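Have a look at the structure below before the remarks.
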Ligand code: PFF
């Protein structure tokens with residue numbers, strides 16, 4: 001059975017694939033602009049606390065559920081004799097669908113920027129608005145991106161997902177280090193670092209906390225069964241706690257380095273860092289342009305290649321979640337499952353594709369359905385899907401997974417699974433902390449923030465801050 005489903009060939013393969021899932025647009029595109037909007041280092045501190053104290057324990061539980069059952073995000077709950085709880089997996093699949101539907105649109109922009117820059121359209125950043133509104137063009141880039149994702153996933157675990165991660169992740173790290181070293185040599189780099197690294201805690205308010213939490217879950221690919229799915233392909237000898245720690249560190253490390261690289265670029269040109277979603281696609285290319293035609297093209301092309309690689313290992317994991325479900329539970333052959341799911345998600349993504357200026361219905365979506373917030377600038381369908389999936393469903397999924405692991409599956413069973421490949425686990429401080437976090441910390445903190453987020457985002461009611 002296991003051989004048929006596929007298995008990662010080594011711990012490195014698993015860690016690179018899971019870190020590949022985690023490291024994506026969330027780290028390089030979303031994290032810096034959330035930092036910009038959320039007031040700089042204060043946001044960074046909140047994000048780090050959530051990642052290590054809350055998300056890391058939930059991650060070990062997700063991987064353990066997957067490895068124990070060797071089934072997909074829905075089937076795993078059946079295997080643990082809890083069919084009623086399989087709705088967590090179904091919610092996860094829905095989140096995966098929604099996230100991939102808009103994620104692929106942005107990935108298409110990143111890929112499109114590589115092509116445009118190589119084709120000599122160097123000032124593409126000045127035409128961002130026209131570029132994203134040109135739905136046929138960006139739709140074609142998105143289609144190529146989705147097809148590449150599907151191609152990789154159709155080759156299965158070792159020959160598809162693991163091989164791609166082993167190629168793309170090291171390339172990504174090398175490109176990142178080169179760009180970071182260069183950015184730190186620019187004049188004004190220090191101002192960028194100050195904005196990024198010196199916290200002003202007066203800037204922390206409700207929405208900053210909700211975004212930091214949503215960002216932590218999104219960035220770690222947590223709360224939607226992606227790690228149940230990847231865990232189901234992990235060998236019993238591997239140490240889950242250590243792997244989860246490495247994945248969290250890599251993810252946080254790369255988000256951190258992305259900011260460290262980006263803010264010096266931005267401040268070196270005296271540009272405001274609060275550029276929202278456009279920070280990467282408008283502000284940064286403008287900065288590259290100022291570096292002169294040769295250096296600018298090289299740096300710009302490298303940067304958007306980096307972004308596309310990071311996105312690809314994430315879209316692969318997003319697609320694998322529903323595919324594993326269809327393959328395991330409905331016995332559909334992998335190739336067919338992959339292409340059908342990919343097409344369906346692409347179609348679901350069309351409103352997001354159109355929500356960036358192609359038609360005003362989707363651009364003003366939140367205003368039209370009456371949930372736009374005062375002072376908010378982005379009312380698009382794509383932003384709405386992000387609120388629903390990233391900021392609401394993922395933390396909700398994380399909360400339910402914690403409750404399930406602690407009280408339904410039971411802590412002892414979780415510990416037993418986590419002790420496989422980790423002899424000293426039982427009785428260790430790590431075990432005590434993980435049990436505390438999934439039994440009390442995560443359910444309490446996540447349910448409070450869940451209620452506050454829903455009130456704030458969808459009813460415009462702000463109870464705190
Ligand atoms: N972690 C990815 C990122 O930061 O870009 C996004 C993501 C991938 C979320 C896979 C959820 C997921 F299952």
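The numbers here are math on the coordinates, done by the rules we state, and not lab data. Note that the coordinates shown come from a computational prediction; the quantities given were computed from them, not determined experimentally. Cβ coordinates were reconstructed from backbone atoms using ideal geometry, including for glycine residues, and neighbour counts include every protein chain displayed.
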Q: Rank the residues 53, 463, 260 as a footprinting-exposure proxy: fewest other Cβ atoms within 10 Å of their Cβ go first.
A: 463, 53, 260
Q: For region 88-146, just list the percent of Cα-Cα distances falling in each 10 Å bin from zero outward, please.
A: 23, 44, 21, 10, 2
Q) Across 10 Å bins from 0, what is the distribution of all Cα-Cα pair distances for region 228-370, in whole percents? A) 9, 23, 27, 28, 11, 1
Q) What is the diffusion coefficient of region 126-269 in µm²/s, taking the Kirkwood radius over Cα pairs and the Stokes-Einstein relation at 20 °C with a viscosity of 1.002 mPa s? A) 114
(Q) I'd like the Kirkwood hydrodynamic radius of region 174-244, using the inverse of the mean 1/r over distinct C-alpha pairs, in Å. (A) 16.3
Q. Just how many % of Cα pairs in region 7-116 lie over 18 Å apart, if you round to the nearest whole percent?
A. 66
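Mean residue ellipticity at 222 nm from the helices of the chain, using -39,500 (n - 2.57) per DSSP H segment of n ≥ 4 over the full residue count, to the nearest 500 deg cm²/dmol?
Only helices count here, giving -21500 deg cm²/dmol.
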(Q) Just to check, using Stokes-Einstein with a Kirkwood Rh over alpha carbon pairs, what's the diffusion coefficient of region 315-386 at 10 °C and 1.306 mPa s in µm²/s? (A) 114
Q.
On C-alpha positions alone, give me the angle between the axis of helix 163-184 and the longest principal axis of the chain, in degrees, nearest 10.
A. 40
**Q.** Equivalent-ellipsoid semi-axes of region 68-186, from the Cα gyration tensor, Å, largest first
**A.** 35, 20, 14
Q. For the residues 127, 379, what sequence is obtained by ranking on other C-beta atoms within 10 Å, fewest first?
A. 127, 379
(Q) Please list, short to long, the whole-number percent of alpha-carbon pairs of region 225-312 in consecutive 10 angstrom bins beginning at zero. (A) 14, 36, 23, 16, 10, 0
Q: Could you grab the Rg to Rh ratio for region 6-56? Cα atoms only, Kirkwood for Rh.
A: 1.13
**Q.** Kirkwood Rh in Å, taken over region 128-184 so that all alpha-carbon pairs contribute
**A.** 13.8
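For 187, 134, 251, what ranking results if the residue with the fewest other Cβ atoms within 10 Å of its Cβ goes first?
The most exposed by this proxy come first: 187, 134, 251.
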Q. In the chain, how does Rg compare with the Kirkwood Rh, expressed as the Rg/Rh ratio over alpha carbon atoms?
A. 0.95
Q.
How large is the Kirkwood hydrodynamic radius of region 287-426, counting all unique pairs of alpha carbons, in Å?
A. 19.6
